[in-house]
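Each remark here refers to the structure printed beneath this line.
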Amino acid sequence: MIDYDPTRPKWEQIADVLRDRIARGELPPRTLVSEVQLEAEFGVARGTVRKVTAALRAEGLIVTTPGMGSFVADQG
């Protein structure tokens with residue numbers, strides 16, 4: 001878990017962590033971004049995780065395939 005800044009929404013802080021991991025290559029393209037794992041790692045509810053994935057999807061960092069899950073997008 002991370003130490004949350006009480007002045008910012010948790011979902012924004014989690015999205016920052018994931019953006020950093022994608023940029024550094026810790027989460028390479030086509031890696032599954034599991035909502036269940038994010039809930040457990042960051043100690044947040046599914047709704048919070050869904051805000052994170054929606055933001056990253058809007059930025060083109062992840063792609064979501066219904067019935068399959070969310071994956072890190074190719075950054076080419």
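Values computed for the structure shown
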{"quantity": "Loop-located trypsin sites (Lys or Arg not before Pro) in the chain, at most 10 other Cβ atoms within 10 Å (DSSP)", "calculated": "R30"}
{"quantity": "Degrees between helix 46-58 axis and first principal axis of the chain (Cα, 0 to 90, nearest 10)", "calculated": "50 degrees"}
{"quantity": "Accessible surface of the chain [probe 1.4 Å, protein heavy atoms]: carbon and sulfur percent", "calculated": "55 percent"}
{"quantity": "Exposure ranking of T53, T65, T31, T7 by accessible area [1.4 Å probe, largest first]", "calculated": "T7, T65, T31, T53"}
{"quantity": "Long-range amide H partners of A73 with built H, under 5 Å", "calculated": "R30, I62, V63"}
{"quantity": "Over the chain, equivalent-ellipsoid semi-axes from the Cα gyration tensor in Å", "calculated": "20, 14, 11"}
{"quantity": "Table column - 3J(HN,Hα) (Hz), the stretch 16-27, Karplus curve with 6.51, -1.76, 1.60, x for Gly and Pro", "calculated": "4, 4, 5, 4, 5, 5, 5, 4, 7, x, 5, 10"}
{"quantity": "Built amide H within the under 5 Å cut-off of L27, gap 5+", "calculated": "I22"}
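The values are calculated or read from the model by the stated rules, or taken from the named source; none is laboratory data. These numbers were taken from a predicted model, which means no experiment stands behind them. With ideal geometry, Cβ positions are generated from the backbone for all residues, glycine too; neighbour counts draw on all protein chains shown. Accessible surface areas use protein heavy atoms only, side chains included; no ligands, DNA or RNA. Shrake-Rupley method; radii C 1.70, N 1.55, O 1.52, S 1.80 Å.
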